[in-house]
1. May I ask you to list the residues of segment 12-34 whose amide nitrogen lies under 19 Å from a point 7 Å from Cα along the Cα→beta-carbon direction of Ile72?
2. Quote to one decimal, in nm, the extra length available between Ala403 and Ala60 on full extension: 0.36 nm per residue of separation minus the C-alpha distance between them.
3. Each residue of segment 117-124 in order: what ³J(HN,Hα) in whole Hz does its phi give by Karplus 6.51 cos²θ - 1.76 cosθ + 1.60, θ = phi - 60°, with x for Gly and Pro?
4. Please list the non-local residues whose amide H lies under 5 Å from the amide H of Gly172, H modeled 1.01 Å from N, same-chain partners needing a gap of 5 or more.
5. Using modelled amide H (1.01 Å from N, peptide plane; none on Pro or chain starts), what sits under 5 Å from the amide H of Arg165, excluding residues fewer than 5 places away?
6. Collect residues whose amide H, placed 1.01 Å from N in the peptide plane, falls under 5 Å from the amide H of Glu226; neighbours closer than 5 in sequence don't count.
7. Taking volume of the Cα convex hull per residue in Å³ as the quantity of interest, determine which of [x] 373; [y] 150; [z] 160 was computed from the displayed structure.
8. Whole-Hz ³J(HN,Hα) for each residue in segment 191-198, computed from phi via Karplus 6.51 cos²θ - 1.76 cosθ + 1.60 with θ = phi - 60°, x for glycine and proline: what do you get?
Amino acid sequence: SKLAALFEHPLYNIPVPEVTEKDKLFIINPMEKFSLRSSESDEWVSSSKAETLLPTGKTAYDTYPTWLKFHIGINRYELYPRQDPLLPTLLQDLATQRIISSVQKSGGTQLKLIMTFPNYGQALFKPMKQTRDQETPIDFFYFSDFERHNAEIAAFHLDRILDFRRIPPVSGRLVNITKEIWDITTDKKLAKTFFISPAGNVCFYGECSYYCSTEHALCGKPDQLEGSMAALLPDKTLAKRHSWRSPWRRSYHKSKKAEWELNPNYCAQVRETPPYDRGHRLLDLIDMTILDFLMGNMDRHHYETFEKFGNDTFLLHLDNGRGFGTHSRDEPSILAPLQQCCSIKKSTYLRLQLLATQPYRLSDVLREALAADPLAPVLAEPHLQALDRRLGKVLLVVGHCLAR
């Protein structure tokens, strides 16, 4: 296994700083226990009487559902640890747990659903919009592109392979539109948009500002639909997040250019502007830029951080559905922050060099990681090969910076 060998490499075993109580997103009461409501029920309840139900030798933490353990594990330095024993279980839960509620997520240009499991865990479901071998048409603007469910799955695994670990876990899943959405939804607006197509397939389109209409309906075969299931982050009422506008945000206009596209010295003014004037925020943004270039994602207008940790923390790489749309062409403008600032974390640079070598080739390790997903193959082969080409281009830019 190339993937196992990669994660055993010394570059993937650089110690994280010691995590103190103030570095944790949540401080929990170690005596608080969860127990099943009854032997027939799947529901979890907080219970002070759980002592009597716990097998001897088990701690309160052992009674928590996996999604809660994931939330409790978030800290200043990482969303989840490198060798996280929870990860396989959490991915399995996302792919197989019974869905008891499906409602539309508000906001956004495209349809997304929030799905709830019996243990109170929740996931963000993005349905399949196009097949794996469909490329984004060359005349499409980045802001009118479709979001792809398989891009969300591949982005999570790529982010982990780059050792960023800033994307919440995502698994592919085949959903039954009738039983797991239509029959159980309490969302009246969503319920009104279901219909049977002339081909006898179950379809729905929801309500949103852009791609929610009968022309953009999502249809099953006859009611089976692929999608990505992403573990939700803790509710914002429990863990506030700050949304930051990216300094290299695109203009989202058909003819106007953004300032960074016109000013070659743009990085100098970014370096003088908080929060980029101190700490590692700019370097973290350049990490995100490299991830986006490898995926071909041009739609990174904002990013988020957990408010509790202030400026000294990682960026959350959320909403990656517009990645992996093209494999036959690359978008060099995505690398503008790296090119203009000529800065990169040494650890990131060393890992990129490692992933360009034969024993750890990026396309090979990502192919292996994606093979375990329920919807494998997640990416068409040309997308995997494009990663190796793009990685070469990133290293070339760093080479030019070093030469300068």
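1. 19-34
2. Roughly 117.9 nm would be gained on extension.
3. Those phi angles translate into 9, x, 8, 6, x, 9, 9, 9 Hz.
4. Distant-sequence amide H within range of Gly172: Met229, Leu375.
5. Under 5 Å from the amide H of Arg165 lie the amide H atoms of Arg160, each far enough along the sequence or on another chain.
6. Long-range HN contacts for Glu226: Met128, Val175.
7. Looking at volume of the Cα convex hull per residue in Å³ for this model, the match is [z].
8. After applying 6.51 cos²θ - 1.76 cosθ + 1.60, I find 4, 6, 9, 7, 7, 9, 6, x Hz.
The values are calculated or read from the model by the stated rules, or taken from the named source; none is laboratory data. These numbers were taken from a predicted model, which means no experiment stands behind them. Note: ideal-geometry Cβ built from the backbone for every residue, glycine included; neighbour counts use all protein chains shown. Protein only, heavy atoms only, side chains kept; ligands, DNA and RNA dropped before computing areas. Shrake-Rupley method; radii C 1.70, N 1.55, O 1.52, S 1.80 Å.
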